[in-house]
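Structure, as structure tokens:
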Amino acid sequence: MTYSELKLDVHDSVATLTFNRPDSMNALGGALRDEFADAVAELCGRAGQDISAVVLTGAGRAFCAGGDLRALQEMSAKGPDAMRARMQESHVTLERWLDLPVPTVAAVNGAAAGAGFSLAIANDFVFAASGARFIMSFGRIGLVPDWGAMYILPRLVGLQRAKEIVLTARDVGAEEARELGLVLEIIDGDRLLGHAQVFAAKFATASPTAIGVAKRVMGSAFETERTAVLAAEAEAQAEANVSDYHREAVKRFLAKEPALFHWQ
């Protein structure tokens, strides 16, 4: 599929998805939102086939500045049903992204504001440039966080800190974001994307079954009671245990042959 406001490149089984509206700091205007939805649908079909991990980043000086203000202004004039429908469409895309059975990695190269903040923390791993900023800027224009932020943020930083970040709409710098657990590692800006891609590429030899089911179970762990999580864990292990990958990996281990997957 051809895109005009984002780029999708696949190299050595790592897909790099780039928001490509640098002149508007990659604001999520209508075309970019639609193309992102299409790209996520494409990734769903290819994940675990020719794609073993996905990197999400932004072109230019921002990761994503959030919603397009002119579009939001037009939406407000249409009444609440229009925004409700728009958010429901966005949530379909978000859930597909969260349910991707491969690791997702954000390379936050600059400002991640509003929906950009939400989309950054919707990844399994977040790397950030030292100058990156995370802003739940919704409160500055009288809105509430969307794209799943009110679900994801409290799970990452705790309820009280999440409320403080949301209700103050203040800037969170890269170092503070790392201390809070929003960012895994801070990388020099010129090395950021390459570092994220190398990190993602290390999953190429991992078991797609094991990664997929592990993500699925952990993704529901916070809202599922313990017995149900343990039951899901048992089902996941049963699925992984009969995979060809597991059988070959054990065979190699017992024969003292090189491992299929070894993190270095």
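Annotations for the structure displayed:
- Scan of the range 161-177 for residues that are crowded, with 16+ Cβ neighbours inside 10 Å and either β-branched (Val, Ile, Thr) or over 22 Å from Phe127 (Cα atoms) (or both), ordered by number: Ile165, Val166, Val172
- Residue within the range 60-73 that is of a type in the set (A, V, I, L, M), part of a strand (DSSP E or B), modelled with pLDDT of 95 or more and closer than 26 Å to Gly131 by Cα present: yes
- Pick from the range 12-33, criterion aliphatic (A, V, I, L, M) and assigned to a helix (DSSP H, G or I), ranking: modelled with the lowest pLDDT: Ala31
- For the range 149-173, a residue qualifies if it is closer than 16 Å to Ser137 by Cα and either touching a residue at least 60 places away in the same chain (Cβ under 8 Å) or in contact with a Leu (Cβ under 6 Å, 6 or more places away or on another chain) (or both), and exactly one does: Ala162.
- Flag for Leu56 being within 25 Å of Ala132 (Cα to Cα) and either of a type in the set (Asp, Glu) or not in a loop (DSSP other than H, G, I, E, B) (or both): yes
- Within the range 205-228, the set of residues being more than 23 Å from the chain's Cα centre (by Cα) and surrounded by 12 or more Cβ atoms within 10 Å (Cβ to Cβ) comprises just one member, Ala228.
- Sole residue being assigned by TED's automatic domain parsing to the domain that holds Arg170, of a type outside the set (S, T, N, Q) and touching a residue at least 40 places away in the same chain (Cβ under 8 Å), chosen from Gly139, Gly110: Gly110
- For the range 117-159, a residue qualifies if it is touching a Ser or Thr at 6+ places or on another chain (Cβ under 9 Å) and not hydrophobic (A, V, I, L, M, F, W, C), and the qualifying residues are Asn123, Asp124, Gly139, Pro145, Asp146, Gly148.
The values are calculated or read from the model by the stated rules, or taken from the named source; none is laboratory data. The structure displayed is predicted, hence computed values, not measured ones. All Cβ positions, even for glycine, are placed from backbone atoms using ideal geometry, and neighbour counts span all protein chains on display.
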